[in-house]
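Here, each number is a calculation from the coordinates, and none is a lab measurement. This structure is a prediction, so every number in the text was calculated from the model and none was measured. Cβ sites come from the backbone with ideal geometry, for glycine too, and all protein chains shown count toward neighbours.
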Amino acid sequence: MSGDGFPGTGDDAGTSGGADGSDPNNPGPSPQSIQLAVVNPDVPVLATFQSHSPKIYCYQTRCFLAYLEHRSNPADTRPDVFDIRLRMSSDSGVTFSSFGAIANAQARAPAIVGDNAGNVYVLYPDNVTDTAGYVHFLRYSSTNGYSAPVVNVSFARGGTGKFTAAYYAWTNRIYYFTNVNSWGTNDTPNLFALDPNGGVLAEVMLTSAEYQTGPLRLRGNHYPYLAVNGSTLIAAWTSTNEFATYIQGLPPYESIHAIKTEDGGNSWLTLANQPLATPVLGTLAGPATRITYSDETNAFAHKWLSNIIAYGGSLHFSYLTRPSPDREHYVRVNLASGAFTANYFPAWSGGSTRIHSLDGVFVDGGAALYAIGADDATGQLVVLASSDAGTSWHDHAAVAIGTAGCQAYGIDAHRKTLPNGTIVGVFTRICPNAPNALVRFVVAP
């Protein structure tokens, strides 16, 4: 573990674990295998874009999956056109069959979430290039065997290519969060509270961006995330900086931030409980809690938030910094106080396996917290486990992503283990000289 002088917090050097998070006195079991199955052998590279948005949701033994396929009408030459495919499994994610498709949409893979009554909510923009455009809201229900949506409505001003959603049981709402204000408008809502029938209960301009004109350049929220813990709703994001010199052909992904609300979005706080006015400036110059390490507060490397989860009274973050310094971070923050209680880097390991990739997801396993990601050096999909809420990590499972050179992109999973103890997830497999494939994975308990 390494300490850091995070703003408004102190370093907790008492957290146990090695520099990479593994416990040398309890290495855990040898990595068990992961069952992989190809759901679709030829999909677009953006099929499961991206780990910030949930694309698989399970209720009891049923699992629901949303992803992108190639456009079914090749004559439609508009940019960003794909078919959206919806699939359902009745055997805990082992096999999937189609239960819906939307053809030739200017879309990204929908966000898919659900509630404890078996309702499944599917949200996606009508046009990812139109910030004033509509968002489709579909609710599927067991009342008709999920054969067709029982609600199919839309709401305005949610169009974007980067969005996420979460179900908020405390008030039976669905939240939809976008990066719209990173595009310099600063006058459009980017957080929506919705009822189960898709009615807009509230909308707020949650984050804002710095921008320059001639040509337009931006600095602000770019990849949005949501997490829920009881009455606490957490919003987090990776910010980008187009003012700075590009790195690896992209504007630097400059920093990672998080804020929270305890009253359903009426008021917002830093993670250390300092009040915030909205919109919150989503950059290093803004007041949101910074998650990135102190010596990474610059535009010389990409800092990419892979995923967050609320578990065991803390918020858990994973992020990668590259190309220099090249670091994989696991960060833990106390949800009540905002104190940073763990930060493992430059590697995050369970002993013999490690996570080192842009994409990944956390899964709540009840007695254990799981982290799924890839090791881009070994070409493996890796699952680490912690039985002490992130204080130490051990190997749980690993498998080769594919043949040599294959990568796992847009890794996602249902955020809790299923009743049988398994983890069910999905990713896009990108291999040299081969079509991209949609791959389902099941991890044994």
Which semi-axes, in whole Å and largest first, does the equivalent ellipsoid of region 64-137 have when worked out from the alpha carbon gyration tensor as the square roots of 5 times its eigenvalues?
24, 16, 7
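How long is the gain from T245 to N25 if the chain were fully straight, where each residue apart is worth 0.36 nm and the alpha carbon distance is subtracted?
Values: separation 220, 0.36 × 220 = 79.20 nm, distance 4.46 nm.
Answer, rounded to one decimal: 74.7 nm.
I'd like the Kirkwood hydrodynamic radius of region 163-308, using the inverse of the mean 1/r over distinct C-alpha pairs, in Å.
Hydrodynamic radius (Kirkwood, Cα only) of region 163-308 equals 15.4 Å.
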In nm, what is the difference between 0.36 nm times the number of residues separating S90 and T378 and their Cα-Cα distance?
100.3 nm
Could the peptides 83-92, 34-43 be put in order, highest first, of the mean number of other beta-carbon atoms found within 10 Å of their residues?
83-92, 34-43
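If you place +1 on the Cβ of every Lys and Arg, -1 on the Cβ of every Asp and Glu, and leave all else neutral, what size is the dipole of region 242-330 about its Cα centre, to the nearest 20 Debye? Show your work: numbers first, answer last.
On the way: 5 positive and 8 negative charges, 8 e Å.
In total the dipole reaches around 40 debye.
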The local net charge around L284, scoring Lys/Arg +1 and Asp/Glu -1 for residues other than L284 whose Cβ lies under 12 Å from its Cβ, equals 0
What are the extents of the Cα atoms of region 289-445 along their three principal axes, listed from largest to smallest and rounded to whole Å?
47, 43, 24
Connecting every pair of Cα atoms under 10 Å apart in the chain and solving the GNM, the largest mean-square fluctuation among A272, A347, A101 falls on A101
What share of the DSSP beta bridges in the chain is antiparallel, in percent to the nearest 5?
95 percent
Search the structure for amide H atoms under 5 Å from the amide H of Q380, placed 1.01 Å from N in the peptide plane, and list their residues when 5 or more places away or on another chain.
D375, I401
Label point 7 Å beyond Cα of S231 along Cβ direction - residues of region 170-208 with amide nitrogen under 16 Å:
170-173
If you take the Cα Rg of region 43-101 and divide it by 2.2 N^0.38 Å, with N the number of residues, what do you get?
1.25
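With a ≥ b ≥ c the root eigenvalues of the C-alpha gyration tensor of region 247-334, is it rounded (a/c under 1.5), prolate (a/b larger than b/c) or oblate?
Numbers: a/c = 2.53, a/b = 1.54, b/c = 1.64.
In terms of gyration-tensor shape, oblate.
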At R0 = 25 Å the Cβ-Cβ FRET efficiency linking Q60 and N266, nearest 0.05, sits at 0.15
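About its Cα centre, what dipole magnitude does region 19-176 give when the only charges are +1 on Lys and Arg Cβ and -1 on Asp and Glu Cβ, stated in debye to the nearest 20? Write out the running numbers ahead of the final one.
Values: 11 positive and 11 negative charges, 74 e Å.
About 360 debye.
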Let me make sure I get this right: for region 279-377, a, b and c are the square roots of the gyration tensor eigenvalues over alpha carbons, sorted descending. Under 1.5 in a/c it's rounded, otherwise prolate if a/b > b/c, else oblate. Which is it?
oblate
Cα-centred dipole magnitude for the chain, charges only on beta-carbon of K, R (+1) and D, E (-1), debye, nearest 20:
700 debye
Lys/Arg Cβ at +1, Asp/Glu Cβ at -1, dipole of the chain taken about the Cα centre: which of S182, V426, T341 is farthest positive-ward?
V426
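Would you please classify the overall shape of the chain from the alpha carbon gyration tensor, given that a ≥ b ≥ c denote the square roots of the eigenvalues, rounded means a/c under 1.5, and beyond that prolate means a/b larger than b/c while oblate covers the rest? Can you show the working numbers first?
Details: a/c = 1.32, a/b = 1.07, b/c = 1.23.
Rounded.
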Any idea which of N144, S239, H316 is furthest toward the positive side of the dipole for the chain, if Lys and Arg beta-carbons carry +1 and Asp and Glu beta-carbons -1?
N144
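Quantify how much of the Cα-Cα distance distribution of region 108-212 extends past 20 Å, in percent.
Numbers: 1957 of 5460 pairs.
Roughly 36 percent, rounded to a whole number.
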Under the Karplus relation 6.51 cos²θ - 1.76 cosθ + 1.60, θ = phi - 60°, what is the ordered set of whole-Hz ³J(HN,Hα) values for region 232-243, x standing for Gly and Pro?
8, 10, 10, 10, 9, 7, 8, 9, 10, 9, 7, 6
Please identify, among S98, S386, S53, the residue showing maximal mean-square fluctuation in a Gaussian network model of the chain using a 10 angstrom Cα cutoff.
S98
